[in-house]
Structure formats: structure tokens, C-alpha cells
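The values are calculated or read from the model by the stated rules, or taken from the named source; none is laboratory data. A quick note: this is a predicted structure, and the numbers were derived from the prediction, not measured. All Cβ positions, glycine included, derive from the backbone under ideal geometry; neighbour counts span all protein chains shown.
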Ligand code: G6P
């Protein structure tokens, strides 16, 4: 099918704005909103209760979705999770033991490194599951358990809507695994499912930050380097923010765990290196704020991405504050995805780069 951009300047912009709809579609395949239960879509080829550890393998943005999922799986199912990029995984001679589940994540289902790792894990006798957007792809055919995302065709090279659909599936999977392991009871399942059903509406609210982001984009576009920091599941969101920005604006950007800043990168801070702080109010807020204050004390310019409470308490002194809706900490990564995508998009627009077809990158990389 020929994809249309509609009123949007770029596919990427269209795909960012589609997220409330495609995330709702994807969640609809995994949740029963009335019963407030999770149901994996197909008959399972193995028993989730047998899973003793999870190894997540993917590339690029899909890897960062896996990084967020590692927090969900460990906290909800109490199963240890390891995560590795696919190009390294198979060459490390991985240890395969009974009870090992290898979880692959790929928009295209064709990325050569991820596919080779999937085949390696299957040959090694592991349980194999794959979160895939293209349901006719090689990975979708070869995996034992297919966990489809329903993002629809993604045209922009830099992944946006496929990423949040991956997060949606992975959140549902973490709840299902938690149930199978006896760690999530019916009341907790209902609470978590209810939170997920609130995501599309919260994403719609988050999209309203676009004007504020567009207004500061020309300033950020002048930077040569930009740092992103976050804690907990917002740490992978910092990595994703930096990856998106590099991919489409060609500005050098790095994501760091906020607490790691003092172990090196803080040496880079001056008025020329803006720092994007992803800090929704909640259990990690105060600690991230103190890292932000360390940056400000060294003359660093800060953009604070938080909710109304977070900005009211600690927004003073930042060069800009981006207000997100207040949501439960379980779902914050799905919401903070929106401003980091919009920020990359508007900075790229300000720089005049080719947003949908960035130089040197391909939508799907089928070589090693
Ligand atoms: C390429 C794309 C990225 C994507 C990565 C993994 O590098 O440019 O946006 O995240 O491949 O692709 P996959 O299809 O496996 O998710």
C-alpha cells in the first residue's frame, strides 16, 4: 500500500502523531480492558512458568525498548534479565541453560544480526519469543512465540511508533510473565492493565508539548553536543533520546544514567553542552534533580522534561521545561517517548536535515 503523509511534512511527524492510535491497537490485542486482564494472543509453545531467566537481544531503538522491558520484567516477574545487542550476542558463546527464554525485538523482523541471534538461541535449545511489527517477516515465521506489534507500516528510518508499540507489548508480556511466576495477583494485574489502558490518552496530552519543543529547537540546533540523563526506566529513554537526535540531526548526543554523570561526562559540561533531563515526579525524582543541579552549578543549560509537580518544584533555572501529564511510574517510559522524539524531529527541522531518510542509515539492516 502506498503510504500517505496526509497533512504532515514528514513520515516521522505523522508516525509520532499516530502513536495514541497504534498503541491503543496494540494494547487491544493483549489486554481485556473490561476484565482488566492480560492475555497473550496465541497459544503458547512453552509454559511461561518454566522461564528462569530472560535474555533480551535486539539492535538500535528496539534494543532500547528491551532495556526498558528489563526493568518491568525484573520488578513484576522477579526473573533475572540480561540484555545485549544482537551483533555481539552470538559471538560471546552465550550460556544456554534449561529455563532460558531469549526475547528478540525487531520492527522489520529482518535485521541480520537479530535474526542470526534468534537462530543461534533456537539451535541452543532456548525458548524463543519475538516482538515483531512486520508479521510476514522472517523472524515472525521462525520464532516459537510471536508477539506482534500493530504499529502499521513505519516509513521514517528513525523508529518512533514501532518503539512505543514494542514497549506496549513488552509491558503486557511482563505482566503475563509475572502472573505465570505467581508474582502478580489478580488485583495487581487489574491495576497494571488499567494503567496501560490510560496510555493512549496520556500520549495525546503529551503531544501538546510540541509547541514548546518547536520553540526551543533552534537554540538546541546550535549545539555540537547534547547530553540526556535519566534514572531507572528513564535511563533507556535518555539513550533513546540521544540516539534519535544523532540519527536525524547529526548532533553528537549521549545518554547517561543520571548518577553516572559525575563519573566522567560532567567534565564536558559548560554553557555550550545542553543537558536534557528526563525526570517524571516519583520515586527517582529527587535523585535525578540533584544530578541536574550539579549540571546547573557548572554553568550547564538544562531542559527539564517532567510533569506539572516536577516542574513547579524544580523547573526554576532551566532553559526550558517540558510538561508531561502526571502518570504512574509504571507507564512513564511510554509517555516520555513523545517529547524525546519531538525534540529530535524539531531540532532536525531547524537544521534542515533529511528527517525521513537520514544519511548513512537504512530502515532495515540486512547485512552484518
Ligand atoms: C536500523 C534502523 C533503526 C532500527 C534498527 C533495528 O538501524 O535505522 O531505526 O531501530 O535498524 O531495526 P529492527 O527492524 O530490527 O527493529
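Listing for the model above:
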item: Single residue of segment 251-272 satisfying the filter (in contact (Cβ under 8 Å) with a residue 40 or more places away in the chain and surrounded by fewer than 17 Cβ atoms within 10 Å (Cβ to Cβ)) that is farthest from residue 290 (Cα to Cα); result: 272
item: Residue among 10, 67 that alone is crowded, with 16+ Cβ neighbours inside 10 Å, farther than 21 Å from residue 132 by Cα and touching a residue at least 24 places away in the same chain (Cβ under 8 Å); result: 10
item: Leading residue by the ranking (nearest to the chain's Cα centre (by Cα)) among those in segment 103-128 that are crowded, with 20+ Cβ neighbours inside 10 Å, within 15 Å of the ligand (Cβ to nearest atom) and closer than 22 Å to residue 50 by Cβ; result: 105
item: Residues (within 19 Å of the chain's Cα centre (by Cα) and within 24 Å of residue 20 (Cβ to Cβ)) located in segment 211-231; result: 228, 230
item: Test: residue in segment 84-95 that is under 12 Å from residue 174 (Cβ atoms), touching a residue at least 60 places away in the same chain (Cβ under 8 Å) and surrounded by 13 or more Cβ atoms within 10 Å (Cβ to Cβ); result: no
item: Residue count for segment 241-295, restricted to those that are over 23 Å from residue 352 (Cβ atoms) and assigned to a helix (DSSP H, G or I); result: 21
item: Which listed residue, of 73, 16, is within 15 Å of the ligand (Cβ to nearest atom), under 17 Å from the mean Cα position of the chain (by Cα) and buried (at least 20 other Cβ atoms within 10 Å of the Cβ); result: 16
item: Exclusive hit being surrounded by fewer than 24 Cβ atoms within 10 Å (Cβ to Cβ) and part of a helix (DSSP H, G or I), set 331, 338; result: 331
item: Exclusive hit being at pLDDT 95 or above, over 18 Å from the mean Cα position of the chain (by Cα) and assigned to a helix (DSSP H, G or I), set 183, 191; result: 191
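Conditions tested, residue by residue: (1) away from the ligand (no atom under 16 Å from the Cβ); (2) free of Cβ contacts under 8 Å to residues at least 12 places away in the same chain; (3) part of a loop (DSSP other than H, G, I, E, B); (4) within 15 Å of the chain's Cα centre (by Cα).
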site	(1), (2), (3), (4)
21	yes, no, no, no
24	yes, no, no, no
27	yes, no, no, no
35	yes, yes, yes, no
41	yes, no, yes, no
46	yes, no, yes, no
49	yes, no, no, no
56	no, no, no, yes
61	no, no, no, yes
